[in-house]
Amino acid sequence: MQLVLLSGLSNAGKSSFADFLEQQGIGPHVPLDKYFLPVPESPTFLNWVQHPQSIDWILLQSHLERLAEGNDCYSPAFDGWGSGKRLCIGGSESHPKNRLMKSNDVCIIPGCLSFEYPGAFSVAMKIFVDTDVRTIANRLGMEIEENLEGFLIRSLTHHYPEVLEYRRFADLSVSGDCSDSKRLEYLDLIRRKLT
C-alpha cells in the first residue's frame, strides 16, 4: 500500500482535497482527525491536536493494515469539540460519527500532522495544502482585525509555525481554494507520481 499525506493549517482545505482525490478514484480518505487520543485535562483541544503524541498511530497503522489486506474499515469516531473522547474504535465497529474507508492500494491521509506518520507503509507523496490565512479566517466566519500572527494564535493554535514548516518537506504544494481546472492539474501530477 502507498500513502498520500496531506498537511496544512486547520481549515486549509485538506479534507476537501482528500474527498476530491477519493472521488477521482485515487483511494480512500483516511481522516487523521478521527485518530486523536482522548484530550488530557490541561491543554485545550486545539493545542492538544497540534502535537504528534495526540495521534493514536498504532490504531491508524492497524486500520491501514486492514485496508491493505483487502478489507473495508471504519475510522474511529471522535468527539473533539464535545467531550474530547473517542466514541468508537472503528475497524469493524460502525458509529454515526465514523467514516467507512474502502480497501485500496493507495490511502489518502489528511491532517495537520500527517507528515509525522511513523508507520511501515510507503509514503508515495507528501502534499501541503497552502491556503491564505484570510481565506481560513473567512471559512471560520471571522475577520482579521489584528496582525496575522495574533489571529493564528487566537483562532487556530500557537503551534501554527510548526505546521507551516511542513511546507519544506512537501513533494507538492496545492492551494486549498483553487479552481476546478487547477484541481484537475494537481490530480494529473498525483496520478503520474503514483504510477
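Annotations
- Span from the the stretch 68-108 Cα centroid across to the the stretch 1-18 one, whole angstrom: 16
- Charge context of Ala170, other residues only, Cβ under 9 angstrom, K/R +1, D/E -1: +1
- Carbon/sulfur fraction of accessible area - the stretch 76-126, other protein chains in place, 1.4 Å, %: 50
- Asp177-Arg99 FRET efficiency (beta carbon distance; Förster radius 30 Å; 0.05 resolution): 0.80
- Rg/Rh for the stretch 84-138 (Cα atoms only, Rh after Kirkwood) is 1.03.
- Two-site FRET efficiency, Asp188 against Gln23, from Cβ-Cβ distance with R₀ of 22 Å, rounded to 0.05: 0.90
- Accessible area ranking (1.4 Å probe, heavy atoms, ligands and nucleic acids excluded), largest first, for Lys14, Lys126: Lys126, Lys14.
- When each of Lys97/Lys182; Lys34/Lys182; Lys14/Lys102 is checked by Cα-Cα distance, pairs over 22 Å: Lys97/Lys182; Lys34/Lys182
- Distance histogram for the stretch 1-120 (every C-alpha pair counted, 5 angstrom bins, percent rounded to whole numbers): 2, 13, 22, 25, 22, 11, 3, 1, 0
The values are calculated or read from the model by the stated rules, or taken from the named source; none is laboratory data. What you see is a predicted model; the values in this text were computed from it and never measured. We place every Cβ from the backbone using ideal geometry, glycine too, and count neighbours over all the protein chains shown. Note: accessible area is taken over every heavy atom of the protein model, side chains too, but ligands, DNA and RNA are not part of it. Shrake-Rupley method; radii C 1.70, N 1.55, O 1.52, S 1.80 Å.
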